[in-house]
1. Just one of A:Val160, A:Val186 is surrounded by 20 or more Cβ atoms within 10 Å (Cβ to Cβ) and in a helix (DSSP H, G or I); which is it?
2. Output the residues belonging to region A:257-288 that are among the hydroxyl-bearing types (Ser, Thr, Tyr) and either in contact (Cβ under 8 Å) with a residue 24 or more places away in the chain or part of a helix (DSSP H, G or I) (or both).
3. Output the residues belonging to region B:54-77 that are surrounded by fewer than 16 Cβ atoms within 10 Å (Cβ to Cβ) and at pLDDT 85 or above.
4. Residue check, B:Val184 against (1) crowded, with 24+ Cβ neighbours inside 10 Å; (2) more than 29 Å from A:Gly85 (Cβ to Cβ); (3) not charged (D, E, K, R), all met but one. Which one?
5. Determine, yes or no, whether A:Leu222 is in contact with a strand residue (DSSP E or B) (Cβ under 6 Å, 6 or more places away or on another chain), away from chain B (no Cβ under 14 Å), closer than 18 Å to A:His201 by Cα and touching a residue at least 40 places away in the same chain (Cβ under 8 Å).
6. Taking region A:359-379 as the region of interest, how many residues are under 23 Å from the mean Cα position of the chain (by Cα), within 7 Å of chain B (Cβ to nearest Cβ) and surrounded by fewer than 19 Cβ atoms within 10 Å (Cβ to Cβ)?
7. Can you give me the number of residues within region A:349-376 that are of a type in the set (A, V, I, L, M, F, W, C) and part of a loop (DSSP other than H, G, I, E, B)?
Amino acid sequence: MNNNWNGFVGKAPAVTFANELGMIPFERLVIYAAEAGPEMVDRALSREPGSLTLEDFAVLLSPAAGERLEEMAQASRAVTVARFGRTMQMYAPLYLSNECLSSCTYCGFARALPIVRRTLSVAETKREAEHLLAHGFRSILLLTGEHEKATGVEFLEQHVRALASAVPQINLEVQVWSEAEYARLVAAGCEGVTIYQETYHPQTYARVHEAGRKRRYLWRLLGPERAARAGMRRLGIGALLGLHPQWRYDAVAVAAHTAFLQKHYWRSSISVSIPRMRPSESHFSPERPVSDRELTQYVCALRLFLPDVGLVASTREPAELRDGLFRVGITRTSAGSATEPGGYEEPDEAGEQFQIADERSVREVVEHLRGIGYEPVWEDWARPTEAAERMLVRNRLPA
Amino acid sequence: MDDPLKIADREFGSRLLVGTGKFGSHETMRDALFASGTEIVTVALRRVDLEATGGPDILEFVDAQRYLLLPNTSGAVDAEEAVRIAKLARSAGMPDWVKLEVTPDPRYLLPDPVETLSAAESLVDAGFTVLPYMGADPILAKRLEEVGCATVMPLGSWIGSNKGLRTRDALGIIIEQATVPVVVDAGLGAPSHAAEALEMGADAVLVNTAIAVAGDPVSMAGAFKKAVEAGREAFQAKLGPQRGEADASSPLTGFLDR
């Protein structure tokens with residue numbers, strides 16, 4: 001397959017999110033998000049969930065809406081429970097490598113940082129995966145830094161193939177690829193990709209991505225579309241809140257991006273992660289950190305705007321906040337995570353991407369979820385692969 | 001049993017089928033199934049821990065002696081995958097009955113009519129008893145019947161919406177024309193919706209979300225049981241005709257008799 005200039009196979013799509021992004025009236029929306037009055041909040045909250053406009057979404061990010069956060073949270077919870085039930089999908093990150101050629105000012109893997117670099121062999125990756133399987137996980141997110149050679153498509157194919165017979169659901173959070181390259185990863189057994197744009201604000205993006213392939217804003221922005229066209233069934237997106245001083249700008253962009261993907265790539269299931277800047281070796285400190293209350297408001301607004309989007313909370317956030325957010329609108333979460341390659345079987349040997357804040361064990365998180373009336377869902381494979389058939393062992397089912 | 005629901009070669013005392021998704025715990029699900037009086041329980045094969053190495057598995061909470069376990073193909077996006085899942089369930093020792101779901105769209109989980117018909121045909125050929133989830137399209141219902149499906153399962157509204165019988169008029173045609181049982185599946189949000197479906201002549205209903213996400217799922221399951229029984233009884237008792245307006249108290253043509 002041949003790629004054209006922006007990485008699509010064959011004819012480029014007539015409309016991409018790049019077109020749409022250019023038409024979003026950010027200036028006006030950010031003003032709404034900062035200065036909306038109570039009557040605008042009333043109007044946004046009176047709408048049926050799922051029928052809000054992007055303006056309404058921006059209004060729900062405002063301080064005026066923040067005064068009605070409890071009301072928003074109640075509505076968000078009701079919609080979430082109706083759509084997803086009292087269940088929580090569980091996944092675990094597995095870092096394959098912290099090698100990186102990009103220099104991103106906020107990241108613990110950035111090229112110039114003096115951390116211990118490590119790339120797992122296939123055998124080491126299998127050991128890490130066995131560790132996670134033994135803890136119950138069936139959905140694993142493989143992560144790497146951005147290093148074309150050390151962790152290129154062939155490397156990823158090998159590692160995905162090695163896990164495909166044992167892990168029902170494999171997702172990737174790695175550098176972005178062309179449509180043809182994504183198709184190879186789909187064929188290897190990967191079903192989903194997560195691509196954070198980090199910030200949708202082009203100038204901020206250029207400022208924090210100092211060097212390396214990740215500097216290419218548009219290439220990254222269209223990554224989810226290329227992945228969807230290649231057959232990836234699950235797309236995860238998100239902004240790293242705190243990179244751009246106006247977090248509401250990125251919040252609006254994430255909401256618009258999600259709505260675009262749902263409409264144009266309707267076969268893929270879309271989820272949104274809500275990461276905030278965490279301490280790392282990079283010592284980046286946000287000019288304007290996002291508060292717990294603002295993060296919660298963001299979750300509620302996303303849920304009311306997009307009732308059926310998956311919302312993901314990782315162990316970046318502290319236990320108490322995560323526990324609160326689980327009841328408000330989160331549908332997918334990790335637990336007991338390590339953010340360095342080899343970190344499950346051999347912790348503390350290599351540099352980590354960021355410090356985790358929720359240090360509870362898997363068991364503790366699961367017990368908490370059960371305690372608040374949620375059933376953790378581990379097994380939810382989407383594609384009936386040969387691997388799934390091979391996993392079918394022993395006559396354990398009732399005849 | 002009086003007035004059994006007959007599907008293929010089996011008879012069932014209950015006209016309420018129940019799904020197993022979205023419950024807050026397996027224990028609540030088990031108790032709700034019991035309270036519903038159901039005899040047919042559908043389980044997503046993708047939620048079953050085939051390897052049986054993890055924690056408690058959903059199947060441990062569904063008594064295979066009490067219920068017909070109806071594996072469903074949820075997660076399948078085309079005919080090929082649906083057929084594969086059904087065969088996987090059968091080789092796992094589950095019954096060769098299958099609730100066919102082919103839903104390429106992850107948001108509304110609407111059934112793909114083209115792929116559903118194609119999968120139904122293959123599965124009937126492979127010896128399965130096929131219960132297909134479908135849009136409320138009367139012609140599609142006839143086509144599914146013709147390829148040998150044991151029921152048709154048109155949606156009342158989309159899965160999980162709890163909106164009730166938004167497709168009522170089309171359901172009326174499907175019920176009128178059907179030669180296999182019509183099971184209204186999806187969108188029933190309240191016992192009154194289930195009663196309404198049975199009153200209009202549907203043979204059965206399938207309910208999941210409305211029970212699973214209720215404040216008290218076990219009580220709600222009991223409420224659906226009663227509603228389904230009441231709806232069926234009302235259908236058999238034959239409802240009185242509906243009238244748009246009251247009759248004029250004095251006949252308009254009375255003057256002719258004077």
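The values are calculated or read from the model by the stated rules, or taken from the named source; none is laboratory data. Just so you know, these numbers come straight off a predicted model, no measurement behind them. Cβ atoms come from the backbone with ideal geometry, glycine included; neighbour counts cover every protein chain shown.
1. One residue alone meets the criteria, A:Val160.
2. Within region A:257-288, the first condition is being among the hydroxyl-bearing types (Ser, Thr, Tyr), and the residues that meet it are A:258, A:265, A:268-269, A:271, A:273, A:280, A:282, A:285.
Hits for region A:257-288 are A:Thr258, A:Tyr265, A:Ser268, A:Ser269, A:Ser271, A:Ser273, A:Ser280, A:Ser282.
3. Within region B:54-77, B:Asp63, B:Gln65, B:Arg66 qualify.
4. The single condition B:Val184 does not satisfy is (2).
5. no
6. Number satisfying all stated conditions: 0.
7. If we filter region A:349-376 for residues that are of a type in the set (A, V, I, L, M, F, W, C), which is where we start, we get A:350, A:354, A:356-357, A:362, A:365-366, A:369, A:372.
With part of a loop (DSSP other than H, G, I, E, B) added as a condition, the list becomes A:350, A:354, A:356-357, A:372.
The number of residues fulfilling the criteria is 5.
Conditions tested, residue by residue: (1) part of a helix (DSSP H, G or I); (2) surrounded by fewer than 21 Cβ atoms within 10 Å (Cβ to Cβ).
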{"residue": "A:Ala251", "(1), (2)": "yes, no"}
{"residue": "A:Ala255", "(1), (2)": "yes, no"}
{"residue": "A:Arg293", "(1), (2)": "yes, yes"}
{"residue": "A:Gln297", "(1), (2)": "yes, no"}
{"residue": "A:Ala301", "(1), (2)": "yes, no"}
{"residue": "A:Glu320", "(1), (2)": "yes, yes"}
{"residue": "A:Gly342", "(1), (2)": "no, no"}
{"residue": "A:Pro347", "(1), (2)": "no, yes"}
